[in-house]
1. Condition test on ILE177, is it over 26 Å from SER127 (Cβ atoms), among the β-branched types (Val, Ile, Thr) and open to solvent by 40 Å² or more (accessible area, probe 1.4 Å)?
2. Which condition number in (1) open to solvent by 40 Å² or more (accessible area, probe 1.4 Å); (2) farther than 30 Å from PHE199 by Cβ; (3) in contact (Cβ under 8 Å) with a residue 24 or more places away in the chain; (4) assigned to a helix (DSSP H, G or I) is the one that PHE27 fails?
3. Among the residues of the stretch 260-273, what is the count of those that are under 15 Å from PHE299 (Cβ atoms) and surrounded by fewer than 23 Cβ atoms within 10 Å (Cβ to Cβ)?
4. Just to verify a result, which residue in the stretch 290-301, among those that are touching a residue at least 60 places away in the same chain (Cβ under 8 Å) and open to solvent by less than 40 Å² (accessible area, probe 1.4 Å), is farthest from LEU108 (Cα to Cα)?
5. With respect to ALA209, determine if the residue is surrounded by 17 or more Cβ atoms within 10 Å (Cβ to Cβ) and farther than 17 Å from MET252 by Cα.
6. Anything in the stretch 151-173 that is open to solvent by 30 Å² or more (accessible area, probe 1.4 Å), free of Cβ contacts under 8 Å to residues at least 40 places away in the same chain and not in a helix (DSSP H, G or I)? List them, or say none.
7. Mind checking which residues of the stretch 80-106 are open to solvent by 40 Å² or more (accessible area, probe 1.4 Å), in contact with a helix residue (DSSP H, G or I) (Cβ under 7 Å, 6 or more places away or on another chain) and outside any loop (DSSP other than H, G, I, E, B)?
8. Please enumerate the residues belonging to the stretch 113-141 that are within 23 Å of the chain's Cα centre (by Cα) and farther than 13 Å from PHE202 by Cβ.
Amino acid sequence: MMRYIVRRVLWMIVVVLLITLFTYVIFFVMPPVNPAVAFAGRAPTKQLIAEVTRLFGLNKPVWEQYVLFVKHLFLGDRWGWPGLGFSFTTRSSVRSIIGSRLIVTAQLAIGAALVWLAIGIPIGILSALKPRSLTDRVTMGIALFGVSAPAFWLGLMALWLFWFKLHVAAGSGYVSIGVGFFTWLNHMLMPWFVLAFLFAAFYARISRAGLIEAMNEDFVRTARAKGLPEWQVVVKHGLRASLTPVVTMLGMDLGGLLGGAVITETVFNLQGIGLYAVQSIGNGDLPAILAVTLVASFFVTLGNLLVDILYAFLDPRIRYS
């Protein structure tokens, strides 16, 4: 098992290096204009273009520029580690901006993940234990609606109903937990449930399909033949084996959301990475867009690694040599 983990970590490093190569080519080599002009934003002055050229080493050969880019990324630059460059829109380090906004995005992503797991998996289990029943049809109908509903529409409807009409929830914007736990919770509940509703519907369908398949396996029949109570058969045998696809999707989804939940952060004005990416695209701030791309890619890769490691603990049929 340890050999497998080491091998996967080494492969993750290779993947991250490939991501940096592709990202560098897209942002520095492929653009038809001078990268210094593009990175300097809108209507740059000659002094700003010269500053960008010096900071990014754009007057050097391409291979040397890429080595310098990777060196700064892994070893840090003048603004700290990891070296994510300098925003010419805000005139500050991209690393510090992303660090502060990652806290908001992590709170949104992890909170929403807990909510959608707490809702989606029990609904999936209930539907799987009573297939084709009225409960199954109703829950799967709600799940189909959740999968189909656009995130921006759900967010706006939630704001209109719970904030504007009923006045039971806070409006848009982020409040730090240091201001007060219940004030912070009041601002985060609506974004959590809107984002979780989209995912909970999908997880309910995945859990249902996985559990129905697992309950027909031979090891479940053997557990029943031994006289185990039905709840132990379902929880300890059927559910555990059916969670493999759920864990796969959770690792991918959580990794992607840590790169920014763009629509939810925009609708609720949460100052996270997703909203920062939207603002950077509007401002033409290429260093910020490049940094967000790298951060999102890293979390997706990390999510894949954690999923592979968790497989062996969830499903006894999976063993790594």
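1. Details: over 26 Å from SER127 (Cβ atoms): yes; among the β-branched types (Val, Ile, Thr): yes; open to solvent by 40 Å² or more (accessible area, probe 1.4 Å): yes.
Taking the combined requirement at face value, the residue satisfies it.
2. For PHE27, the exception is condition (1).
3. 1
4. So the first thing to find is which residues in the stretch 290-301 are touching a residue at least 60 places away in the same chain (Cβ under 8 Å), and the list is 290-295, 297-298, 301.
In the following step, the residues that additionally are open to solvent by less than 40 Å² (accessible area, probe 1.4 Å) were identified as 290-292, 294-295, 297, 301.
Values: LEU290: 22, ALA291: 20, VAL292: 17, LEU294: 20, VAL295: 16, SER297: 18, THR301: 20 Å.
Restricting to residues being touching a residue at least 60 places away in the same chain (Cβ under 8 Å) and open to solvent by less than 40 Å² (accessible area, probe 1.4 Å), the top hit is LEU290.
5. no
6. If the condition is that a residue be open to solvent by 30 Å² or more (accessible area, probe 1.4 Å), free of Cβ contacts under 8 Å to residues at least 40 places away in the same chain and not in a helix (DSSP H, G or I), then LEU166, HIS167, VAL168 are the ones that fit.
7. Passing the criteria: only LEU102.
8. Hits for the stretch 113-141 are LEU114, VAL115, ALA118, PRO122.
The values are calculated or read from the model by the stated rules, or taken from the named source; none is laboratory data. No experiment lies behind these values; they were computed from the predicted model shown. When we count neighbours, we look across all protein chains shown, and the Cβ atoms used for this are built from the backbone with ideal geometry, even at glycine. The protein model used for the area step is the full one, side chains on, heavy atoms only, and it has no ligands, DNA or RNA in it. Shrake-Rupley method; radii C 1.70, N 1.55, O 1.52, S 1.80 Å.
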